[in-house]
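The values are calculated or read from the model by the stated rules, or taken from the named source; none is laboratory data. Keep in mind the model is a prediction, meaning the values are calculated, not measured. Positions of Cβ are backbone-derived with ideal geometry, glycine not excepted, and every protein chain shown enters the neighbour counts.
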Amino acid sequence: MTHQERIAATAAAFEAAMARLLARIEATPDSIAERVPADGGWSAAGIAWHVAVTNEQFAGLVEGSVPGARPPEPGFEETPFAEIAALVPSALDAPPKFHPPVGLTREEALARARASRDKMSQAIRAIPETRGLWTVKSVLGLVTVYQVGEWATAHVARHNAQAKRAIG
């Protein structure tokens, strides 16, 4: 796959995943989207907010405003993202800076999620070929800048399923 093909495929997958999440939250009344599940966890609005903050972090890693990406070591070979994703446990506890604030509204969450979608999409589409294989040390191990975009897509899909459960 060429650089341009990879960028186009990654951006399209991310944008489609975000469209599904946003459509779900947009179609949910405020009272349901803002309801925190009785057994704990986040409301659907909280999930959208978490996705937005994570997208912002991912976009920063991709475009370089968040430090962390480095040129690959000599001899580096990219691990297929499917192998990396298979290592993700079924439940993860996000660091507090990625938790939604108390009293978050559906509209606040949607506004941030839409802005983060645009920022991440632009970051993916602007990855220069010379930066795509730069590496980032992450909770998933060593990933490339290309794979940060793939991770963002998987993250959105995972949380879309969580939002579906929260909505009921």
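Descriptive notes on the structure:
- The condition (being within 18 Å of A161 (Cβ to Cβ) and touching a residue at least 12 places away in the same chain (Cβ under 8 Å)) is satisfied by just one residue among V51, V62: V51.
- Considering residues of region 114-162 that are among the small types (G, A, S) and over 14 Å from T54 (Cβ atoms) only, the residue surrounded by the most Cβ atoms within 10 Å (Cβ to Cβ): S121
- Lone unmet requirement of (1) modelled with pLDDT under 95; (2) basic (K, R); (3) farther than 24 Å from I124 by Cα for K97: (3)
- Of all the listed residues (G41, G68), the sole one being on the phi > 0 side of the Ramachandran plot, touching a strand residue (DSSP E or B) at 6+ places or on another chain (Cβ under 6 Å) and modelled with pLDDT under 95 is G68.
- Residue that is surrounded by the most Cβ atoms within 10 Å (Cβ to Cβ), among those in region 51-107 that are of a type in the set (V, I, T) and in a helix (DSSP H, G or I): V51
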